[in-house]
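The values are calculated or read from the model by the stated rules, or taken from the named source; none is laboratory data. Keep in mind it's a predicted model, so treat the numbers as computed, not measured. Positions of Cβ are backbone-derived with ideal geometry, glycine not excepted, and every protein chain shown enters the neighbour counts.
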Amino acid sequence: MIHVQEVATVDWLNEAKKNVLSTAVRPEIIMERGEGMHIWDTCGNKYLDFVGGWAVNCLGHSPQVLQQALANQAGTLVHASPAYYNKPMLEFSAQLTEVSGMDRVFFASSGSEANESAIKLARKHGAVHLNGAYEIITLQGSFHGRTLATMSATGKQHWKPLYAPKVDGFRHVPINDLDACFAAVNNNTCAIMVEPVQGEGGVHPLDEAYLYGLRKICDMYGMLLIFDEIQTGMGRTGKLFAYEHSGIKPDIITLGKGIGGGFPLSAMLTLEKHNLFQPGEQGGTYCAQPLAMAAGLAVLQELLKRNLSANAAAQGHYLIRRLTELSSELPIRNIRGQGLLIAFDLPEGMAPVVTGLCMDKGLLLNAPSPSTIRLMPPLIVKEAHIDEMLAIASDAMNEAASHVG
């Protein structure tokens, strides 16, 4: 017998295919509700979530603290105008600057906006202090967003011809190659922009010596060092901010994804000496909107209260240990990452087959490339969740081996 919800789901999917602009290949399911580590579709199927909204749902699905914060703020003030201060904006900015070690913060709604703001501030720095320098060095394999400027900053090779002409002023160099970065510096260079751990590129950490070298280059030439922590920030790597692992402090940090726990929110933080924007030079309709500020404040306080950065570190160590054990019997290789941003490689073409099989078995995984599995679960994950995930994924890998072979 066909369930009523299954019929309704088919109807909804048909409507979606007619009405929603085609920008992604999506599976034939519709997500309906979530709680903690799990999410359910409209047919009642339950999934263990190791994608976490692409590293967004740091507190899990529909956490009570976020529900309460949004409900309380919605009953007080949803939106005023970016032309005015609001109370949660002041509270959140004070706490975020304190824990980040930065002095000033600009709030936006997406990681792309935060990185766009960093690009603008770097170019303003170049205009004021470096005789009009405007070029920014970024890395091959990097990902910085989907606006034209942040796509231009991104080091994805297959994006180069997309939406040409791109925004000028970005030079891409190989990851962890300090000589190549040094050689790319010229009189037009105003900043170097990197992810401490490349996320969308396949989870590739930058070497500590390399980060130290970047800091030295920027200090030598008076350039800004920008850390794109959209994916690595807010406890994801086992520290509240990834830069804390090395102690190498950037001039600008950008945050997104986990900062709102699922509510659209991002931030660009910088030091007082880089407080260069004049009124009207940067802004946005929803910047520091009260509802977003209440969400961000609730998420940050919960992360600190429960010390979820430490849980990310502990669970990440456990996950890597278990993957290493399984690599003796499964085609798992090149295990890498920090905290709960982990990846491993499979034979070419196997990764999307594995993620598809896992979804059928009630597990959500991400394959950023045909040979890579990326794991970025909510920071509330426990060892039992990891064991369950690995049991399902192991079955899927064994099954996929016969498909790919």
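The set of residues in segment 250-302 that are in a strand (DSSP E or B) and on the phi < 0 side of the Ramachandran plot comprises Ile252, Ile253, Thr254, Leu255, Phe263, Ser266, Ala267, Met268, Leu269, Thr270.
When we screen Val197, Val203 for residues that are at pLDDT 95 or above, over 18 Å from Pro250 (Cβ atoms) and not assigned by TED's automatic domain parsing to the domain that holds Gln338, the only hit is Val203. In segment 383-405, the condition of being part of a loop (DSSP other than H, G, I, E, B), of a type in the set (A, V, I, L, M, F, W, C) and more than 30 Å from Leu96 (Cβ to Cβ) is met by no residue. When segment 28-54 is filtered for residues that are free of Cβ contacts under 8 Å to residues at least 12 places away in the same chain and not aliphatic (A, V, I, L, M), the ones remaining, listed by number, are Glu32, Trp40.
Examine segment 134-152 for a residue that is charged (D, E, K, R), modelled with pLDDT of 95 or more, surrounded by 13 or more Cβ atoms within 10 Å (Cβ to Cβ) and farther than 28 Å from Gly53 by Cβ, and state whether such a residue exists. Yes. Comparison of Gly199, Gly126 shows that the only residue that is within 21 Å of Gly222 (Cβ to Cβ) and either aliphatic (A, V, I, L, M) or buried (at least 23 other Cβ atoms within 10 Å of the Cβ) (or both) is Gly126. With respect to the stated conditions, Val78 is in contact (Cβ under 8 Å) with a residue 24 or more places away in the chain, in a loop (DSSP other than H, G, I, E, B), of a type in the set (A, V, I, L, M) and in contact with a helix residue (DSSP H, G or I) (Cβ under 7 Å, 6 or more places away or on another chain). Every condition in (1) more than 23 Å from the chain's Cα centre (by Cα); (2) among the hydroxyl-bearing types (Ser, Thr, Tyr); (3) at pLDDT 95 or above is met by Ser81 except one, and the failing one is (3). Residue check: Glu325 meets all listed conditions (1) crowded, with 17+ Cβ neighbours inside 10 Å; (2) part of a helix (DSSP H, G or I) but one, namely (1). Selection of segment 230-249 for residues being without any contact (Cβ under 8 Å) to a residue 60 or more places away in the chain and either assigned to a loop (DSSP other than H, G, I, E, B) or not hydroxyl-bearing (Ser, Thr, Tyr) (or both) yields Gly233, Glu244, Ser246, Gly247, Ile248.
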